[in-house]
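Enquirer: Provided herewith is a single structure, encoded as structure tokens, for subsequent inquiry.
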Amino acid sequence: MPRSDPSFHEDVTRLVDAVIERVGKRIVLGLPLGLGKASHVANELVGRAAADPGISLTIVTALTLETPRGASELERRFMEPLADRLFAGWPGLSYAAMLRAGTLPANVEVREFFLQAGQWLGVPRAQQNYISGNYTHVWRYLLDAGVNVVAQLVASDGQDCSLSCNPDLTLDLLRARREGRADFVMIGQVNAELPFMGGSARVERAEFDYLLDDPACAFPLFGPPNQPVSLSHYAIGFRVAALIPDGGTLQIGIGTMGDAVCHALSLRHQNNAAFRAVLDALGETPLHAAPFEQGLYGCSEMIADGFLALLENGVISRRVGGKAIHAAFFLGSREFYRRLREMPAARRDLIDMTSVTFVNELYGGEDEKCRARVGGLFFNSAMMATLMGAAVSDGLEDGRVVSGIGGQYNFVAQAFALQGARSIIAVDAVRTRAGETSSNVVWSYGHVSIPRHLRDMVVTEYGIADLRGKTDAAVIAAMLSVTDSAFQLPLVKRAKAAGKLPKSFRLGSSLELNNAAHVTGVLEPLRRQGLLPEYPFGTDFTPEEQRLLPALDRLRRAGRRELASHAIRGFLAGDGEDLRPLLDRMGLGRRSGMRERVYAALLGGALASGT
């Protein structure tokens with residue numbers, strides 16, 4: 001049955017009064033993941049529950065965004081001015097602050113199915129209320145939990161509304177409500193900065209029970225600055241870009257590895273000689289290296305700055321049902337949102353923001369999807385990979401959740417279901433913490449996200465391991481070929497002791513080049529030529545902040561001896577003319593006390609070590 005026009009409100013307090021009167025004091029609130037949360041509605045409901053123990057409020061959501069914080073004093077000095085500049089006016093989510101502080105009342109429960117990566121490891125209540133599940137299944141879990149309120153940020157064109165950044169779960173929930181399988185109150189909070197996306201994301205106002213359109217509740221969208229792309233991630237990105245066939249289908253996750261892939265694809269199309277030069281430097285023989293004639297079709301659960309650039313420069317141009325991109329949510333920089341808002345309507349209409357069940361699954365219209373998703377390449381990253389090809393992407397072996405499985409399993413499954421498709425898992429070969437470097441290729445691990453029977457391709461900065469259909473011994477040999485040379489022999493020993501490698505197995509001499517110094521040596525000249533920019537899609541970091549970031553990273557990775565070395569070097573060098581604006585940015589231009597002098601010396605030494 002058609003629904004009546006929504007009740008408009010210019011006051012969030014009165015809107016929540018009406019909602020509580022309608023649904024009662026037991027509220028199960030569904031909030032979209034990431035950008036699409038109706039923050040003022042959520043905060044008002046949390047405030048009511050905190051003041052009234054008789055209210056039971058359960059929030060089911062994911063990817064709760066928070067302004068960045070620093071783990072150390074120097075990082076705090078870097079982050080706080082950045083947050084003041086980039087996130088001023090963004091309201092934040094009170095439940096997150098209360099959960100982190102341990103003040104969230106017992107009658108408010110927050111269940112998340114995807115956590116902001118690494119940010120909730122030390123918060124037991126967040127860990128205990130995590131929901132492990134595929135992204136595509138979450139809308140059913142919401143129905144099972146008895147969701148009776150959904151609150152979403154929306155765009156409006158004065159006639160209809162757009163689910164814009166987050167049709168992902170909401171379209172399925174609205175369909176279930178129309179079919180009589182769900183009964184919930186739908187709230188839209190209008191935000192003028194949110195791009196109006198048409199197609200599947202456009203919904204009639206009659207779908208909403210309440211619309212909050214209050215100038216007092218206007219706020220800037222959460223737009224994290226693009227991070228620098230390292231040379232090791234470029235090594236991964238160019239290897240992946242050379243695996244993608246013209247006329248194929250592309251899925252990419254968020255992060256600097258994805259940015260590296262997008263930049264490499266852009267270079268392949270716009271400056272093919274430069275693309276091949278990078279591959280030559282890496283010693284990589286490309287499977288696909290020609291510019292794009294048919295173009296790619298984008299079918300990715302999310303889009304960010306790099307993916308949008310591929311549409312703008314013609315790499316993504318193959319159309320399916322009149323669309324070049326089907327995606328379920330977006331999240332990007334402030335520039336990304338501006339580009340979407342100001343994009344010519346004809347180009348913006350090539351993007352269909354739609355249900356995550358459409359993008360991430362083949363079920364429902366399988367024949368059409370299989371015909372459309374030819375040459376599929378599904379690119380995701382992991383924290384670690386085992387020597388037999390399992391991927392560790394979302395959690396630790398003690399059970400704590402780092403992020404979530406999201407859509408990774410779905411895309412891996414698609415790669416096996418679709419003819420000619422491949423799943424690529426990218427892994428940094430090593431990680432360094434507190435001066436200790438460890439291999440991210442391990443013999444085994446007590447938690448896996450993608451089991452070894454779904455192993456396909458693993459890419460590190462050192463090469464491509466093609467694992468599909470191979471024997472365990474062949475898989476182990478392939479994984480050793482992309483492992484850092486410092487860790488290869490202990491892994492060979494483990495594999496031989498387990499009887500998984502023949503005693504006669506020997507490593508090739510060329511694998512001695514699997515080290516960071518070699519990757520830097522072959523790619524740094526190309527960076528100096530401008531082919532491998534640190535920020536291929538721009539950034540909101542100031543020039544001073546761009547110089548500070550590598551130094552802060554060196555300090556984060558340093559052990560005690562290295563920290564002492566940085567401090568001594570900084571004390572001996574003193575404040576040079578070039579250093580002063582950086583110290584001023586960190587609030588260390590005028591120092592009081594030994595603590596601040598030590599901080600300044602550490603920073604100065606770390607900056608000098610990178611020159």
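The values are calculated or read from the model by the stated rules, or taken from the named source; none is laboratory data. Keep in mind that this is a model prediction, so the values were computed, not measured. Quick reminder, even Gly has a Cβ in these numbers, built from the backbone with ideal geometry, and neighbours come from all protein chains shown. Side chains included, ligands, DNA and RNA excluded: accessible areas come from the protein's heavy atoms. Shrake-Rupley method; radii C 1.70, N 1.55, O 1.52, S 1.80 Å.
Enquirer: Considering only residues that are acidic (Asp, Glu) and either in contact with a Lys or Arg (Cβ under 9 Å, 6 or more places away or on another chain) or within 19 Å of LEU211 (Cβ to Cβ) (or both), look in region 154-173 and name the one that is modelled with the highest pLDDT.
Expert: Just the residues of region 154-173 that are acidic (Asp, Glu), to begin with: 157, 160, 168, 172.
Subset that is either in contact with a Lys or Arg (Cβ under 9 Å, 6 or more places away or on another chain) or within 19 Å of LEU211 (Cβ to Cβ) (or both): 157, 160, 172.
On the way: ASP157: 94, ASP160: 95, ASP172: 98.
Across region 154-173, the extreme among qualifying residues is ASP172.
Enquirer: Could you list all residues from region 368-412 that are within 24 Å of ALA126 (Cα to Cα) and of a type in the set (Asp, Glu)?
Expert: Answer for region 368-412, where residues must be within 24 Å of ALA126 (Cα to Cα) and of a type in the set (Asp, Glu): ASP394, GLU397, ASP398.
Yes or no, residue by residue, for (1) part of a loop (DSSP other than H, G, I, E, B); (2) under 30 Å from GLU335 (Cα atoms); (3) modelled with pLDDT under 95; (4) among the charged types (D, E, K, R):
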| residue | (1), (2), (3), (4) |
| --- | --- |
| ALA465 | no, no, no, no |
| ILE476 | no, no, no, no |
| MET479 | no, no, no, no |
| PHE487 | no, no, no, no |
| LYS496 | no, no, no, yes |
| HIS518 | no, no, no, no |
| LEU526 | no, yes, no, no |
| LEU531 | yes, yes, no, no |
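Enquirer: While we're here: Have a look at PHE292, PHE275 and point out the one that is part of a loop (DSSP other than H, G, I, E, B), of a type in the set (Phe, Trp, Tyr) and over 22 Å from PRO167 (Cβ atoms). Reasoning before the result, please.
Expert: Values: PHE275 fails: part of a loop (DSSP other than H, G, I, E, B).
It is PHE292.
Enquirer: Right, something else. Take ALA151 and tell me if it is part of a strand (DSSP E or B), surrounded by fewer than 24 Cβ atoms within 10 Å (Cβ to Cβ), at pLDDT 95 or above and not polar (S, T, N, Q). Before you say what the answer is, go through the steps one by one.
Expert: Details: part of a strand (DSSP E or B): yes; surrounded by fewer than 24 Cβ atoms within 10 Å (Cβ to Cβ): no; at pLDDT 95 or above: yes; not polar (S, T, N, Q): yes.
Considered against the rule, which asks whether it is part of a strand (DSSP E or B), surrounded by fewer than 24 Cβ atoms within 10 Å (Cβ to Cβ), at pLDDT 95 or above and not polar (S, T, N, Q), ALA151 comes out as no.
Enquirer: Okay, next question. For region 62-114, what are the residues that are touching a Gly at 6+ places or on another chain (Cβ under 6 Å), at negative phi and assigned to a loop (DSSP other than H, G, I, E, B)?
Expert: Within region 62-114, PHE113, PHE114 qualify.
Enquirer: Then there's this: Kindly list, by first and then second residue, each pair from a residue in region 239-261 that is under 13 Å from GLY332 (Cα atoms) and at pLDDT below 95 to a residue that is buried (at least 22 other Cβ atoms within 10 Å of the Cβ) and of a type in the set (D, E, K, R), limited to pairs with Cβ atoms under 9 Å and residues at least 6 apart or on different chains.
Expert: GLY253/GLU301
Enquirer: I'd like to know if region 220-237 contains one or more residues that are touching a strand residue (DSSP E or B) at 6+ places or on another chain (Cβ under 8 Å) and surrounded by fewer than 24 Cβ atoms within 10 Å (Cβ to Cβ).
Expert: No, every residue in region 220-237 fails to be touching a strand residue (DSSP E or B) at 6+ places or on another chain (Cβ under 8 Å) and surrounded by fewer than 24 Cβ atoms within 10 Å (Cβ to Cβ).
Enquirer: If you don't mind, there's one more thing I want to ask. Of the numbered conditions (1) assigned to a helix (DSSP H, G or I); (2) over 30 Å from GLY463 (Cβ atoms), SER232 fails exactly one; give the number of that condition.
Expert: The number of the failed condition is (2).
Enquirer: Additional query: With the checklist (1) under 25 Å from GLN414 (Cβ atoms); (2) open to solvent by 30 Å² or more (accessible area, probe 1.4 Å) in hand, flag the one item ASN271 doesn't pass.
Expert: So the condition that ASN271 fails would be (1).
Every residue, every condition in (1) open to solvent by less than 30 Å² (accessible area, probe 1.4 Å); (2) on the phi > 0 side of the Ramachandran plot; (3) in contact with a Phe, Trp or Tyr (Cβ under 6 Å, 6 or more places away or on another chain), yes or no:
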position: THR437; (1), (2), (3): no, no, no
position: VAL441; (1), (2), (3): yes, no, no
position: ASP466; (1), (2), (3): no, no, no
position: GLY469; (1), (2), (3): no, yes, no
position: LYS500; (1), (2), (3): no, no, no
position: PHE505; (1), (2), (3): no, no, no
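Each row is one residue, and each column tells you yes or no for (1) at positive phi; (2) touching a residue at least 60 places away in the same chain (Cβ under 8 Å); (3) not hydrophobic (A, V, I, L, M, F, W, C).
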{"position": "SER156", "(1), (2), (3)": "no, no, yes"}
{"position": "ASP160", "(1), (2), (3)": "no, no, yes"}
{"position": "LEU169", "(1), (2), (3)": "no, yes, no"}
{"position": "ALA176", "(1), (2), (3)": "no, no, no"}
{"position": "ALA182", "(1), (2), (3)": "no, no, no"}
{"position": "VAL185", "(1), (2), (3)": "no, yes, no"}
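Enquirer: Additional query: Filter region 328-349 down to residues that are open to solvent by 20 Å² or more (accessible area, probe 1.4 Å) and over 23 Å from the mean Cα position of the chain (by Cα), then give me how many there are.
Expert: So in region 328-349, the residues open to solvent by 20 Å² or more (accessible area, probe 1.4 Å) come out as 334-335, 338-339, 341-342, 344-349.
Subsequent filtering for residues that are over 23 Å from the mean Cα position of the chain (by Cα) retains 342, 344-347, 349.
Selection size over region 328-349: 6.
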